[in-house]
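So the structure is just underneath, and the comments pick up after that.
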Amino acid sequence: MAKTKNKKSNFRDLLRKYLDIKGLDIIIVTEDGREIELNKNRLLVDDEIVTFDKKNEEKRIPLSQIRSVDMYAA
């Protein structure tokens, strides 16, 4: 159990560092297969990624729904 909690914590900490780098293009793949490209205005709040779409509407993505994260240098 402690190993799983530590793994989640490490993922969250590493993701927070990558989200802070505004030069990275980040694409989230959710458990249901959707791909979500994150806007440069993004942050991690508790266990959710908060971002705004092109219509400036807030979108929240729980970390528990993330299957993978792809990053590209812009």
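Look at (1) surrounded by 12 or more Cβ atoms within 10 Å (Cβ to Cβ); (2) touching a strand residue (DSSP E or B) at 6+ places or on another chain (Cβ under 7 Å) and you find that residue 8 fails only one, number (2).
Taking (1) in contact (Cβ under 8 Å) with a residue 24 or more places away in the chain; (2) open to solvent by 80 Å² or more (accessible area, probe 1.4 Å); (3) not small (Gly, Ala, Ser) in turn, residue 44 satisfies each apart from (2). For the range 7-18, indicate whether the set of residues that are touching a residue at least 40 places away in the same chain (Cβ under 8 Å) and not in a helix (DSSP H, G or I) is non-empty. Scanning the range 7-18 turns up no residue that is touching a residue at least 40 places away in the same chain (Cβ under 8 Å) and not in a helix (DSSP H, G or I). Looking at the range 61-74, which of its residues are closer than 22 Å to residue 7 by Cβ and either in contact with a strand residue (DSSP E or B) (Cβ under 6 Å, 6 or more places away or on another chain) or surrounded by 11 or more Cβ atoms within 10 Å (Cβ to Cβ) (or both)? Hits for the range 61-74 are 61, 62, 63, 65, 66, 67, 68, 69, 70, 71.
The values are calculated or read from the model by the stated rules, or taken from the named source; none is laboratory data. Given the structure is predicted, the values throughout are model-derived calculations rather than measurements. Note that we place each Cβ from the backbone using ideal geometry, even for glycine, and neighbour counts take in every protein chain shown. When the accessible area is computed, the model is the full protein with side chains, heavy atoms only, and any ligands, DNA or RNA have been set aside. Shrake-Rupley method; radii C 1.70, N 1.55, O 1.52, S 1.80 Å.
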